[in-house]
1. Could you compute Rg(Cα) / (2.2 N^0.38 Å) for the stretch 23-135, with N its residue count?
2. Looking only at G90, G35, G77, which one moves most when the chain is put into a Gaussian network model with springs between Cα atoms under 10 Å?
3. Is the stretch 1-77 rounded, prolate or oblate when judged by the Cα gyration tensor, a ≥ b ≥ c being the square roots of its eigenvalues, rounded requiring a/c under 1.5 and prolate requiring a/b larger than b/c?
4. Relative to the longest principal Cα axis of the chain, at what angle does helix 76-88 sit, 0 to 90 degrees, rounded to 10?
5. If you build a Gaussian network model of the chain, linking Cα atoms that sit under 10 Å apart, which residue out of R76, R16, R40 swings the most?
6. Using Cα springs under 10 Å in a Gaussian network model of the chain, which residue among S89, S105, S130 shows the largest mean-square fluctuation?
7. Return the subset of K42/K100; K17/K100; K71/K100 for which the Cα-Cα distance in this structure is over 18 Å, preserving the input order.
8. Rounded if a/c is under 1.5, else prolate if a/b is larger than b/c, else oblate: which is the stretch 69-140, with a ≥ b ≥ c the root eigenvalues of its Cα gyration tensor?
Amino acid sequence: MLNEESLAEYVLLAVRKPPTIEYETDLEWICRTFGFLESRDKKKTAFLIFKALVEATVHNKGLTSDELAEKVGLTRGTMIHHLNKMMKSGLVIFHEGEYKLRERSLKNTVEEIQRDLTRLFENLTEVAESLDRTLGLTSR
């Protein structure tokens, strides 16, 4: 039996894209699409963290959890909880003591996650085909 912790955890929600281009609304939409903004998060904590990381990317830098906690006004524990979820989703990495977007831009980050998902589905398809052959199941 495999007893392996998941390497990544992708949660994608089909949320209606904002009708007009607006910086904060678009960032919030990305957070919602990745499942970070839950209804109980009245202060939009995940959005504030994500926004700070995106804005740090503009200056080609990352932020420590202490810097993020101070910037957003949260405890370090709360910050780490949200950052861990963002890292599992593939949006954020921890490198040299700092949290930052996975790639140098949002577009590149999303494209890299898309490649992750493509590889995941290729593996699922390969194993499913093997199981079908073993069981004698056919597909059209």
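1. That works out to 1.26 for the stretch 23-135.
2. Comparing G90, G35, G77 in the GNM, the peak value goes to G77.
3. In terms of gyration-tensor shape, oblate.
4. In the chain, helix 76-88 runs at an angle near 30 degrees to the longest axis.
5. Maximum among the listed residues: R40.
6. Residue with maximal mean-square fluctuation among S89, S105, S130: S130.
7. Going by Cα-Cα distance, K42/K100; K17/K100 fall outside the 18 Å limit.
8. In terms of gyration-tensor shape, prolate.
Every read-out reported here was derived from the displayed coordinates using simple, explicitly stated rules and does not represent laboratory data. Only a predicted model underlies this, so the values are computations on that prediction, with no experimental measurement involved. No Cβ is skipped: glycine too gets one built from the backbone with ideal geometry, and neighbour counts run over all protein chains shown.
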